[in-house]
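Written out below as structure tokens is the structure these notes cover.
The values are calculated or read from the model by the stated rules, or taken from the named source; none is laboratory data. On a predicted model such as this, the values are computed, not experimentally measured, just so you know. Backbone-built Cβ (ideal geometry, glycine too); neighbour counts: all protein chains shown. Quick note on the areas: whole protein, heavy atoms, side chains included, nothing else; ligands and nucleic acids left out. Shrake-Rupley method; radii C 1.70, N 1.55, O 1.52, S 1.80 Å.
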Amino acid sequence: MRNSIFGGAAVLSLAIMVTGCGQQNANGPEVVTDRGPAATAEAAGPKVFHENWPEKVPSKGLAKGMALPLETFMTSYADEIAVQQARDIAETSCMRRYGFTNWRTEDLGVSPPVADNASNMPRRYGLSILAEAEQYGYHTPNQAVESTPPPEQEVPEAATVLQGKEGTELVKSFKGDALPEGGCTGEVNREVGDLDTGLVEQLSAESFEKSQATPAVKAAMGAWSSCMKGRGFEAATVWDTDELVGVQGPTATDKEIGIATADVECKEETNLIKVWFDQESVIQSELIKGNQASLSGARTLSDKTLGAAARLSATAGS
């Protein structure tokens, strides 16, 4: 979801819980030999903001009520935050045991996305909400909230403990205490599961590409293009509006708003989004039939990860 406080030195994958740092037991969870300093109340985990989180299914605009078949197998924004929160709790606990008592991770939920999952339904087929087009053009509404950044920890020792290496050299101990393989990040990766999103997102991209080649979508796109031309804008597809707008500034210009408004109004006039959604739904249903076992397995793995994340967060908060 995000980079660590090293600004790219260590990219943390979505995973969940850690029970301690020490020697690995081949028959079960890691055995903790020295937990170091006791955890403080602040170590419970990152602050989570819940303002402006996306709806599970769009409730307004031309994509209102639309949910593609593959979304059943996707993880939500809330899922991702829950797993990252548990992972951050684990990371903080591990780092503080090695003496980094001020270690803290970034706040979560500060910049929620437009969509609840990787389908990106509110903008999957381009702009779909007229009111947003009239106010923001192609820009996304600014929904970020202010948060306190974690203290700077860009010191070699912190990187060593977090990653279990100095430069490219693996490190097995820190100030006389054994480090888990791969440092605190490695410990987290071994002790927890991942949100398995690779296959469903791959299939979602495949259905999206295939849907654009269907006769129905081509016809509706042609009608949309004619509508745009009637309003003074030459665009063969909805993706060509980027060229019409040109380089975007921090806020929408009157020109951008005019193009965006025409875009959504022409989609409504030609029923483009409904046609596109229907065609892609058929394609996705077929893809699910051919990948049912793999998709269900990935969803089961993600559900186990979410369960473990919930238990860890509940324990940390108790």
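Based on protein heavy atoms only, the stretch 168-296 ends up with 52 Å² per residue of surface accessible to a 1.4 Å probe. Across the alpha-carbon set of the stretch 145-304, the Rg to Rh ratio works out to 1.20, Rh being the Kirkwood radius.
For the pair the stretch 101-176 / the stretch 185-255, the C-alpha centres are spaced 22 Å from each other. For the stretch 79-85, 3J(HN,Hα) computed residue by residue from phi via the Karplus equation (6.51, -1.76, 1.60; θ = phi - 60°) reads 4, 4, 5, 4, 5, 5, 4 Hz, glycine and proline entered as x.
Residues whose amide H comes within less than 5 Å of that of D196, counting only those at least five positions distant or on another chain, are S302 (H built at 1.01 Å from N in the peptide plane). Amide H contacts of L108 (H built 1.01 Å from N, in plane; Pro and chain starts excluded): K47, V48, F49 sit under 5 Å, all sequence-distant by 5 or more or on other chains. The phi torsions of the stretch 120-130, fed into the Karplus equation with coefficients 6.51, -1.76 and 1.60 and a -60° offset, translate into couplings of 6, 4, x, 9, 4, 9, x, 4, 9, 10, 4 Hz, rounded to whole numbers, with Gly and Pro shown as x.
With R₀ fixed at 45 Å, the C-beta to C-beta distance from T168 to R311 puts the FRET efficiency at about 0.80.
Based on C-alpha pairs under 8 angstrom that are at least 6 apart in sequence, the stretch 207-312 has a relative contact order of 35 percent. Taking the protein heavy atoms of the stretch 172-318 in the context of the full set of protein chains, the accessible area attributed to carbon and sulfur is 53 percent at 1.4 Å. What shape does the stretch 203-251 take by its C-alpha gyration tensor, where a ≥ b ≥ c are the square roots of the eigenvalues and a/c under 1.5 counts as rounded, a/b above b/c as prolate, and the rest as oblate? Note, shape of the stretch 203-251 comes out oblate. For A216 and A293, the FRET efficiency from 1/(1 + (r/R0)^6), where r spans their Cβ atoms and R0 equals 30 Å, is about 0.50. Extension gain for K229-D194 works out to 7.8 nm (0.36 nm per residue, less the C-alpha to C-alpha distance).
When peptides 268-279, 239-250 are ranked by their average number of other Cβ atoms within 10 Å per residue, the highest-first order is 268-279, 239-250.
Values of log10 I(q)/I(0) for the stretch 64-183 across q = 0.09, 0.11, 0.21, 0.22 Å⁻¹ run -0.44, -0.60, -1.15, -1.22, by the Debye formula with one identical scatterer at each alpha carbon and no solvent.
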